[in-house]
Structure formats: C-alpha cells, structure tokens
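Every number in this text was worked out from the coordinates using simple rules, so none of it is lab data. As the structure is a prediction and not an experimental result, all values here were calculated from the model. Neighbour counts run over all protein chains shown; Cβ positions are idealised from the backbone, glycine included.
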Amino acid sequence: MSVRDILRTRLRVIDALLLREAKKRFGGNLFGLATAFLEPMIHVAFFAAIFTLTDRGAPHGANVLVFMVAGVMPFHLFSKTMVRGMTAIDANKSLLSYPIMKPIDTLIARCILEVLLYTISFMILVIVAFYFEMINEIARFPYVFFGFAFAALLGFACGILTAAVLSLTGVVKRVVPILNRALFLTSGVFFCASMIPQFGREVFLWNPLLNISEMVRYGLFQNFPGGHFNIGYTLAVILGVFTLGTAALVYAERSPKASIRGT
C-alpha cells in the first residue's frame, strides 16, 4: 500500500469518527449544538461581569470582555481538548477492535471537533466585540492565530499522554481535574503577567498556558506588552509532551496490561 493510500484511509477513518463524535457531543439536535457553543461564552460573560461589578478594569486599556475572551477561550480549548482526548480511546474500545482503527485516530477526531467549536465561538465573540466597538482592530493577528494553535496542540499532546496512561491505570482520571483547577488559577485566565510581581511572574511563566494567553492578548490589543511570553519555550513544551505522549501510547498499544481495543 502506498503512502497516498495509507493517508486516504486514515482521513476516511478520521472523517467517520468526527461525524460520530459530533453526533454524540451535540446529541444530533440544534439545542445540543447551541449549548456547546454557549458554554465558553457563558464563562467569558461570567468573569467579565465579576470584573465589572467589582469595578476592576482590564489592564493596559483593554476592554474587560475582550480581555476575558483572550484568557478564557485558549484555556478552555486546551482543557477540553485534553480531557476529551484522555477519554477518546476508552470511549471507542468497540471500534478499536477493528484492525483499520488506530487509537490516535480517535484523539485526532476529538481534537478537530474541539478546535472547530472553539474557533467558531471565538469568532462570534470577536464579531460581537467589533459590533459594539469594544475593539477597533486586531492589532497583531498572527499572534492570535498561533496562540490558539498552541493551545490546541498542547491540549492534543496532553490528551495523547493522559489517554495512554488511562489505558494502564484509572488514577489519571482523578489527577487531571486537580491539575486542571491548578492550571486554571495560574494560566492568565483572569489576569496577565504584568499584574504579578517580578518574582512570582518568573515562576508563573513556567506555565506554557500563561505564555499562550499573553500571546493572544498581545495579538488582540495594540498597547498590550509583548515581553512576557516565549514562543520557543512554549513550542518546546508542546514538542516534549507530544513526544512523551506518543511514546507512552506506543507502549500502551504493545502492553498486555493496557485496556485498548476492547481488551
């Protein structure tokens, strides 16, 4: 079989899985679809309302709602992609009993679905922000694009790693929610790096998600400082987690102790 045939087969499998996941995720009706789109928007509105009610303005002259969009959306894209990826293999064991199916296919399908969902939600929120003149321009679009791409890739890499570990032990299901809560508080969802004292800032910036939120905000706002994120470091973390996750998945596929392919 040629490389082209292999790729064509993988694309057909992923396409079928994507449709299956969409039906399961949205329930096959408009209400389920609307709920999925509204969930991240409600989180944005909630945090923006808290800032407004406590009379706290966003730093660097940013609009409060758009500031929250730039923090909430990348984090939720990462978090949902990781969590959905973690359970992808476990949820598709019956399909993985067929030789044509590969565990990585299930993770790719779920990642694509989350990226589509959060990209459309983000675009809707940005259009609303433009309509109500909360922002007049996207100052540096490439940083916004790559910030979201990094969030998705990091979530995908963590999804591979946690899915592989989950096939070996169920402990990861208890660890990931705790990790998610810790990351939520340290990833710049409702603050930016310049709001933290110098020592604390250096510690917090070890979190690649804070680098990502800083990148997105730098891309959205003209006056936002661009010295608090490191693209090379963020890419290195993504590559490192992806490599570790891929190695763990290969090990899990070969291990008789792993719960893959309905065994």
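Of the options Asn136, Gly170, Ser121, report the single residue whose Cα projects farthest towards the positive end of the charge dipole of the range 75-170 (beta-carbon charges: Lys, Arg +1; Asp, Glu -1).
So the residue furthest toward the plus end is Gly170.
Within 10 Å of each candidate Cβ there may be at most 12 other Cβ atoms; applying that plus a DSSP loop requirement, which chymotrypsin sites (Phe, Trp or Tyr not before Pro) in the range 155-227 survive?
On the way: sites: Phe156, Phe184, Phe190, Phe191, Phe199, Phe204, Trp206, Tyr218, Phe221; in loops: Phe190, Phe191, Trp206, Phe221.
Answer in residue order: Trp206.
Is it possible to state the helix-based mean residue ellipticity at 222 nm for the chain, with each DSSP H run of 4+ residues giving -39500 (n - 2.57), the sum divided by total residues, to the nearest 500 deg cm²/dmol? What is it? Numbers along the way, then the final one.
Details: 10 runs with 189 residues, N = 263.
Calculated mean residue ellipticity at 222 nm is -24500 deg cm²/dmol.
Among the trypsin sites (Lys or Arg not before Pro) in the range 205-263, which ones are in a DSSP loop with at most 16 other Cβ atoms within 10 Å of the Cβ? Mind listing them?
Details: sites: Arg217, Arg254, Lys257, Arg261; in loops: Lys257, Arg261.
Qualifying residues, ordered by number: Lys257.
Which one, [x] 31, 21, 17; [y] 25, 21, 17; [z] 34, 21, 17, gives semi-axes √(5λ) of the Cα gyration tensor in Å as derived from the coordinates shown?
Derived directly from the coordinates: [z].
From the phi angles alone, apply the Karplus equation (6.51, -1.76, 1.60; θ = phi - 60°) to the range 172-180 and give each ³J(HN,Hα) in whole Hz, x where the residue is Gly or Pro.
Calculated HN-Hα couplings, in order: 4, 5, 8, 7, 4, x, 5, 4, 4 Hz.
When we measure straight from the Cα of Lys102, which aspartates and glutamates land under 16 angstrom away, once same-chain ones fewer than 8 places off are left out?
Here the aspartates and glutamates satisfying the reach criterion relative to Lys102 are Asp5, Asp15, Glu21, Asp90, Glu253.
Counting only GluC sites (Glu not before Pro) that sit in a DSSP loop (anything but H, G, I, E, B) with at most 12 other Cβ atoms within 10 Å, what is the longest stretch of the chain containing none of them?
Numbers: sites that count: Glu133, Glu137.
With GluC sites (Glu not before Pro) excluded where exposed in loops, the chain gives 1-132 as its longest stretch.
Which residue, Leu33, Leu183, Leu154, tops the fluctuation ranking in a GNM of the chain built on C-alpha contacts under 10 Å?
Greatest mean-square fluctuation among the candidates belongs to Leu33.
Using a Gaussian network model of the chain whose springs link C-alpha atoms within less than 10 Å, name the residue from Pro74, Pro40, Pro197 with the highest mean-square fluctuation.
Top of the fluctuation ranking is Pro197.
Taking the range 88-150, which chymotrypsin sites (Phe, Trp or Tyr not before Pro) meet the DSSP loop condition and have no more than 16 other C-beta atoms within 10 Å? It would help to have the intermediate numbers written out before the result.
Numbers: sites: Tyr118, Phe122, Phe130, Tyr131, Phe132, Tyr143, Phe145, Phe146, Phe148, Phe150; in loops: Phe132.
Sparse-neighbourhood loop chymotrypsin sites (Phe, Trp or Tyr not before Pro): Phe132.
I want to verify a result. In a Gaussian network model of the chain, Cα cutoff 10 Å, which of these has the top mean-square fluctuation: Asp15, Asp55, Asp90?
Asp55
Let me have the relative contact order for the chain, percent, based on Cα pairs under 8 Å that are six or more residues apart. Don't skip to the end; give the middle numbers.
Numbers: 345 pairs, mean separation 67.8, N = 263.
Here the relative contact order equals 26 percent.
Compute, for the chain, the length of the dipole vector about the Cα centre, with Cβ point charges of +1 (Lys, Arg) and -1 (Asp, Glu) only. Units Debye, rounded to 20. Can you show the working numbers first?
Numbers: 23 positive and 13 negative charges, 209 e Å.
About 1000 debye.
What FRET efficiency do you get for Ala16 and Phe51 if R0 is 51 Å and r is their Cβ-Cβ distance, rounded to the nearest 0.05?
Step by step, r from the Cβ atoms, then E = 0.70.
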